[in-house]
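One structure below.
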Amino acid sequence: MPGVSARRAGAVRGGAAAPDGGFADEAALAAAWAAAPPGTLRLADGRALRVVFPGVAGDGTGPDFRAAILEVDGDLVRGDVELHLRHSGWFAHGHDRDPAYAGVALHVVAGDDLGLPSTVHAAGRRIPLLVLAAPPAAPGAMFVPPCAFARAADIDVAGRLRRMGLRRLRMKANRAALLCAGRPAGDVLLGLAAGALLGPAARAGTERAAANLRLDVLLEEVGGLAGEARRTALGAALRRILPVDAAAPGGRVRPAATPAQRLGDLARLIDRWWPPGAGPGWPAALAPGAGWRAAAVEGVGRAAAVEVMANAVIPAALAAGRWSEAEAETAWAALPSPGTYGKLRPLERWLGGREARPFASAGLLQGGLLLQADYCAKGRCGRCPLSPPG
Ligand code: SF4
C-alpha cells in the first residue's frame, strides 16, 4: 500500500520487536515489502537474507506475494511470502493448518510477539521469519500519494475505477471459463458460490474440493425431500464433501460466518436456486437481470449476497454464455457496495475527499481492489491510472 515511495523499510532485525514495528497497518507493511527492502537483512534465526524480487501481490486467495526470489545465506530460494503485523497473525488466520500456505518461503512480520526463530506449518516445515521495521517518519513528513490530487487534476476517478472493475470481472470470468471446460455450468456456479461464501482464507481449498462436487448427484441424494428436511440433508451432504475443518480460517470469526455456518447458508442457496423438481442446469432464478437479492437467503445478507453475485453468479453466467456481455456488465454496475475492505481504507480516504465515496458500488470496489493489487501494493505511485500526469 501507499507510503512506499515516501519511506523505505528501515531497521531489520531478528528476535523480538515492538508490535507492529512502526507500520500503521498491514498495507503499509506490504508496501514496504513490495519496494524490496535493500541490502542484507537478517532473518530471526540469524541467517542473511537479500531480496532479489519481492514477488507479485496475490489476489487475496492465498499468500500475500507470489513467486518471490530470495537469497538466503547465498542460496537462491523461490516461493511465496506472507505478511502479518504480528507473528501470531499466522496462527490467528489459520495459515498453520492451511495447505495453501505450506509452500510459503518467507514470513514477514512487523513485530514478533511470539519470540520464535521461525514460523511453523502443520505440514512440518519451519518457515524463515523476517522482522521488518519501518523507520520513524521525519517530523512533519506525511506521505500524500499523487492520487490524492486526482480530482483536482480533473481525472475521472469513478470512470477509471469502473473500467478497472470491469477488467476484474473479465479476469473472474476467464477463470470461470477454465473451470467450465468439460463441466456443467451449474457445478461451476456451485463451486464458485461455495468459495465466495467461505471467504478468501478458505476459497482455494473449497473450490478445489468443489471441483469434485456433482450437482446432479447432490440433487438426487435429496430427491423426494422438501422444505427444512431438504435443506438439512443438503447441509449434511455438503459437510461430507467440502473440507470444512481444513477450510476453517481460525481466529476471530463471527459466529454467523464460520465455515460450518456458511455451508448451511450454501445449502439454503442450493435449495433456492435448484428447488425440488429442478434439474442441475443453470438456475431459472438467475436469468439475466437477476440482482443481488437472487443470492440472498436466510443467513446470507446483502453484503454476502453481493459477494456471491460478484465472485460467482456473474462471472459464471458470462463464462457459460448464459448472460451476454451487456447483461453481465449491467448487473455488475447495479450491485451495491458490500462494504469497504480494510486494505482499501487509506485509498478510500485519499480518493474520497470530503464529499465523494470512491467505492460506492461493488464494481467500483472491485476496481479499487485491482488498483491496490496492481499498483499500490507494488509501490507504483506516480505510474498508476490515478496519478495526475507530470
Ligand atoms: S499507486 Fe496510485 S492509487 Fe495507489 S496510492 Fe499510489 S498514487 Fe494512489
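Computed from the coordinates by the stated procedures, all read-outs in this text should not be read as laboratory data. All figures in this text were calculated on a predicted structure; none of them were measured in a lab. So basically every Cβ, Gly included, is an ideal-geometry build from the backbone, and we count neighbours across all protein chains shown.
Overall shape of region 12-132 was characterised from the C-alpha gyration tensor. The equivalent ellipsoid obtained from it has semi-axes of 17, 17, 15 Å, in decreasing order. Asp156 sits among other residues whose Cβ lies under 13 Å from its own Cβ, and their net charge, with Lys and Arg +1 and Asp and Glu -1, is +3. Peptide packing for 226-232, 265-271, 168-174 was compared via the average number of neighbouring C-beta atoms within 10 Å per residue; ordered from the highest value, the list is 265-271, 168-174, 226-232. Packing, as the average of other Cβ atoms within 10 Å across residues, places the peptides 108-115, 187-194 in the order 187-194, 108-115, highest first. Distance between the modelled labels on Met171 and Ala334, one decimal in nanometres: 2.6 nm (7 Å Cα→Cβ projection). For a modelled paramagnetic label at Arg349, 7 Å from Cα along Cα-to-Cβ, the residues of region 23-66 in reach, with backbone nitrogen under 16 Å, are 23-31.
Given labels modelled 7 Å from the Cα in the Cβ direction, how far is it in nm from Ala24 to Ala123? A separation of 3.6 nm, rounded to one decimal place.
Peptide packing: for 37-44, 86-93, the average count of neighbouring Cβ atoms within 10 Å per residue gives the ranking 86-93, 37-44, highest mean first. The modelled label-to-label distance between Arg357 and Arg42, using points 7 Å beyond Cα along the C-beta direction, is 4.9 nm. For the pair Thr258 and Leu116 in one chain, pulling the backbone fully straight at 0.36 nm per residue adds 48.2 nm over the alpha carbon distance. Taken one residue at a time, the phi angles of region 145-151 give Karplus couplings (6.51, -1.76, 1.60, θ = phi - 60°) of x, x, 5, 5, 9, 4, 5 Hz. Gly and Pro are set to x. The magnitude of the dipole of region 330-381, with charges of +1 and -1 set on the Cβ of Lys/Arg and Asp/Glu and taken from the Cα centre, is near 180 debye.
For region 12-132, the antiparallel share of DSSP beta bridges with both residues in that region comes to about 70%. FRET efficiency for the Glu221 to Phe53 pair, using the beta carbon distance and R₀ = 45 Å, is estimated at 0.40.
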